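Quick note: the coordinates plus some simple rules give every number you see, no bench work behind them. These numbers come from a predicted model, not from an experiment. Virtual Cβ from ideal backbone geometry, glycine too; neighbours counted across all protein chains shown.
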Amino acid sequence: MKTILVPIDFSTHSEYALEVAARMARTHNASLVALHMMGLSQAVLTKDDSQEVFEAMYYMKLAEKRFEDFLDRDYLKGIEVQTTVQNYKLFHEIDSVAKEFNADLIVMGSHGASGLKEVFVGSNTEKVVRSSQIPVLVVKNRMRNEPMGKVIFANNFDKENVSSFLKAKKLFDKLGINMRLVYINTPGDGFRSTQEMEEKVADFFIEAGVNGEFSVNDVVYYSAYSIEEGIFTYSNRVDADLIAIPTHGRKGLAHFFSGSISEDLVNHSDLPVITFKM
């Protein structure tokens, strides 16, 4: 990992993301790119009227000054940090910035408060996740420890998830992290017997070309009434540091969650989530 992109809106949540990104950069000798999106209208930027031009210049200077203050953090000392202020208004454009800086990972904060579905669906975070070709690490709260310690990759081992699995494997191999593979077995996904799940997993590993490296015994088979319930219950049981999941570019994350889970259980899981596009 060489470059981590951090979208900054000067909120507390983006500060949490910046701190996590800094820890990772220090651990893996990477640099940071801090991005702020102003969202000025094109009329303000192109209009000849001098007042409009001065207004645009004012907002640019204001953003640069806020960046200077926001990045004055002890935990950033010794880490290479680039800043970029872009006039993007649409969050899917962050993917263009990631490509421009050749970023390996996007780390961003989320205001979501009650579970994976509420964290992502309909939010700016989901817009980034849906369009990003690189992994997106979503941070809800200030993290006490390195977020990528004990990682679980939750999956139903459909073959459409092979590409996201290989992306996750590539990243975690690069970071020297072993991910725990979890098959969430639910009624909504066609509840399967142990033998049926193992056969599906074996076919998945063959399709992914890793059947010599992984076997059906490397997967935890966990049954729950919904995928979300299974992810959270299992991650809490093993004291995971990070949840990794696949996501679909066209549908976003909404399709990944079927059924519901008590708000109490969801609210007690403050784990960061990293997504890999199918």
Phi-based couplings in Hz for region 199-207 (Karplus 6.51, -1.76, 1.60; Gly and Pro marked x): 5, 5, 5, 4, 5, 4, 5, 5, 4
Under 5 Å, built H, 5+ apart or other chain: amide partners of SER223: ASN185
Sites SER31 and ASP72 - FRET efficiency at Förster radius 22 Å, r taken between beta-carbons, to 0.05: 0.80
Listed residue pairs exceeding 32 Å between alpha carbons, taken from LYS77/LYS159; LYS150/LYS277; LYS65/LYS127: LYS77/LYS159
Ranked packing of 208-216, 103-111, 9-17, most packed first, by mean Cβ within 10 Å: 103-111, 9-17, 208-216
Karplus-derived HN-Hα couplings along region 178-183 (A = 6.51, B = -1.76, C = 1.60, θ = phi - 60°), whole Hz, x at Gly and Pro: 8, 8, 8, 8, 10, 8
5 angstrom amide H check on MET143, placed H, neighbours 5+ away: none
